[in-house]
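The values are calculated or read from the model by the stated rules, or taken from the named source; none is laboratory data. The model shown is predicted, which means the values in this text are computed figures rather than measured ones. We place every Cβ from the backbone using ideal geometry, glycine too, and count neighbours over all the protein chains shown.
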Amino acid sequence: MLIKVFVQNEAGSNRKNLHNEKTLEYKETKIVSRVYPYPYGFLLGTSASDGCNLDVFVITKRPLQTGQIFECETMALMEQFEDGVNDHNVLARLSDETVEVTDEVRAVLTDFVLNVFRHVQGKQISVGRFLGAQDAEAHVTANLERA
């Protein structure tokens, strides 16, 4: 499934940029406890249960810049729970790359998610299963904005 991803945070940076996810307007930047291992952003045209767009990690070594939009292909779904609420991440690849969700990718993402908000007292985050492309596609489809 092809999706359009807005890159919010660059790999290698501990700067969490916040945007209005519907208008793409920049709001502010906060410093987090870990650097992003992969470009991170959100899926255009979606609305999750928290009112934000679906979150996406783009598994690539290519440097993607904040504010850029890329066509990506869904690969997997990483279950994440933040303060008891589902906050799952779609894992995607650039449409011209062939990468896989390996044990190393799963370990890097798990470590990042469990520690990125270590500076926020009381924040509770856990990681569940890593599910396949079909589950990611079903998650995206279930959260598409309806016109």
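Any chance you could count how many residues in region 105-121 are farther than 15 Å from ALA11 by Cβ and at pLDDT 95 or above?
3
Go through region 101-140 and count every residue that is in contact (Cβ under 8 Å) with a residue 40 or more places away in the chain and of a type outside the set (D, E, K, R).
Residues flagged as in contact (Cβ under 8 Å) with a residue 40 or more places away in the chain and of a type outside the set (D, E, K, R) within region 101-140 amount to 21.
Could you pull out the residue among VAL90, VAL101 that is within 21 Å of ALA138 (Cβ to Cβ), in a loop (DSSP other than H, G, I, E, B) and at pLDDT 95 or above?
The unique qualifying residue is VAL101.
Out of region 30-71, which residues are in a loop (DSSP other than H, G, I, E, B), within 13 Å of the chain's Cα centre (by Cα) and of a type in the set (A, V, I, L, M, F, W, C)?
The answer is LEU44, ALA48, CYS52, LEU54, ILE59.
Considering only residues that are surrounded by 12 or more Cβ atoms within 10 Å (Cβ to Cβ) and not in a loop (DSSP other than H, G, I, E, B), which ones fall in region 130-147?
PHE130, LEU131, ALA133, GLN134, ASP135, ALA136, GLU137, ALA138, HIS139, VAL140, LEU144
Somewhere in region 76-86, is a residue charged (D, E, K, R), at pLDDT 95 or above and outside any helix (DSSP H, G or I)?
yes
If the requirement is being surrounded by fewer than 16 Cβ atoms within 10 Å (Cβ to Cβ), touching a Cys at 6+ places or on another chain (Cβ under 9 Å) and in a strand (DSSP E or B), which of these qualifies: LYS4, LYS27?
The unique qualifying residue is LYS4.
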